1. Could you give each residue of the range 245-262 its phi-based ³J(HN,Hα) in whole Hz, using Karplus coefficients 6.51, -1.76, 1.60 with θ = phi - 60°, and x for Gly or Pro?
2. What translational D, rounded to a whole number of µm²/s, comes out for the range 196-271 from Stokes-Einstein when the hydrodynamic radius is the Kirkwood one over Cα pairs, at 4 °C and 1.567 mPa s?
3. Tell me, which longest segment in the chain has none of the trypsin sites (Lys or Arg not before Pro) that fall in DSSP loops with at most 14 further Cβ atoms within 10 Å?
4. At what distance in angstrom do the alpha carbon centres of the range 212-244 and the range 89-123 lie from each other?
5. Tell me, what is the FRET efficiency for Tyr243 and Lys133 to the nearest 0.05, using R0 = 35 angstrom and their Cβ-Cβ distance as r?
6. Below 11 angstrom from the Cβ of His55, what's the summed charge of the other residues (Lys, Arg +1; Asp, Glu -1)?
7. I'd like the FRET efficiency for Ala118 and Ile38, computed as 1/(1 + (r/R0)^6) with the beta carbon distance as r and R0 of 22 Å, rounded to 0.05.
8. State in Å² the accessible area per residue of the range 30-268; use a 1.4 Å probe, count heavy atoms of protein chains only, and round to the nearest integer.
Amino acid sequence: MIKKQFLYAILASAVLFSSCATKKQTTTDPEEYHSQLIMSVAWFQNAPEVAALYHQGFNIARERVDEILENNKFEKPLAVVTDIDETIINNSPFEASLIAKEENQAGWYAWTAQATAAALPGALEFAKYLESKNIAIFYITNRDDNEREGTLKNLKMLGFPLPGENHLLTKSDLSYTTGNTSSKKERREKVSETHEIVLLLGDNLNDFSELFEDRKENNGKAAVEANKALFGQKFIVFPNPMYGAFEKPLYNYEEGLTDAQKRERLKTKLKAE
Ligand SMILES: [Mg+2]
């Protein structure tokens, strides 16, 4: 009898132990969602180096504008093309909200409709400087058409110059015609029909040129080296470690990975020597 009870106790604890072990390994534990974002969002929201880098970028942009105006030989009116997210406005509260939460497109749409993102350091001052120098600003963003209203509201609320709604080019404005929904090439060409684009601002290399879109080989680093003279000259880059086109190559372009699987893929990309 005692033996039997002892056996039951062993069996029960074995079942309990195995269920605990299973729970620990599950990939849908809320605490596991997007934990890879913790360091990058903490850095983006707290490090003074972030503000310094934005100021540095906009200071260089301003110097470039002054140089261009001094030697302006262009026939067309001048324009600066800027990306929106993580270039002039700060969506890091949305990124922070993703930690311990499952991501979905509706959540992002709710965030952009809210129109409460803050301007990044130096962005508004630079945009207003352009306006004072009669240089047109075009906002080319990969936000969707259905996000136009919230985006316009957010930009206006912050005081960014918006000479006309055609100065905001969202993702489906033109890019669907080429089948590449995220390329900004056609939208840049559209702006070039009427304006001379003298400077481009972005946190993603795809904001500058289609030369950087192919990342299959070594995350596209060769294109950066081949065009290194353009950075700080025509292309002004801002820091964004939270998300971007750099991610897909890190996951070997595999779709539908869980956050735990993503972390495993990231570990294989780290070099310790
Ligand atoms: Mg961006």
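The values are calculated or read from the model by the stated rules, or taken from the named source; none is laboratory data. Not measured: the values here are computed from a predicted model. Counting neighbours? That spans all protein chains shown, and the Cβs are built from the backbone with ideal geometry, glycine included. What goes into the accessible areas is simple: the full protein's heavy atoms, side chains included, and nothing from ligands, DNA or RNA. Shrake-Rupley method; radii C 1.70, N 1.55, O 1.52, S 1.80 Å.
1. Running phi through 6.51 cos²θ - 1.76 cosθ + 1.60 with θ = phi - 60° gives 5, 6, 6, 3, x, 5, 9, 6, 6, 6, 9, x, 6, 6, 4, 5, 5, 4 Hz.
2. Details: Rh = 13.8 Å.
The calculation lands on 94 µm²/s.
3. On the way: sites that count: Lys73, Lys101, Lys133, Lys216, Lys269, Lys271.
Looking at the chain, 134-215 is the longest stretch - no exposed trypsin sites (Lys or Arg not before Pro) with at most 14 other Cβ atoms within 10 Å.
4. 24 Å
5. On the way: r = 33 Å, r/R0 = 0.93.
Approximately 0.60, to the nearest 0.05.
6. Values: positive: Arg62; negative: Glu49, Glu125.
Around His55, the surrounding residues sum to -1.
7. E between Ala118 and Ile38, to the nearest 0.05, is 0.60.
8. Details: 12070 Å² over 239 residues.
On a per-residue basis, the range 30-268 sits at 51 Å².
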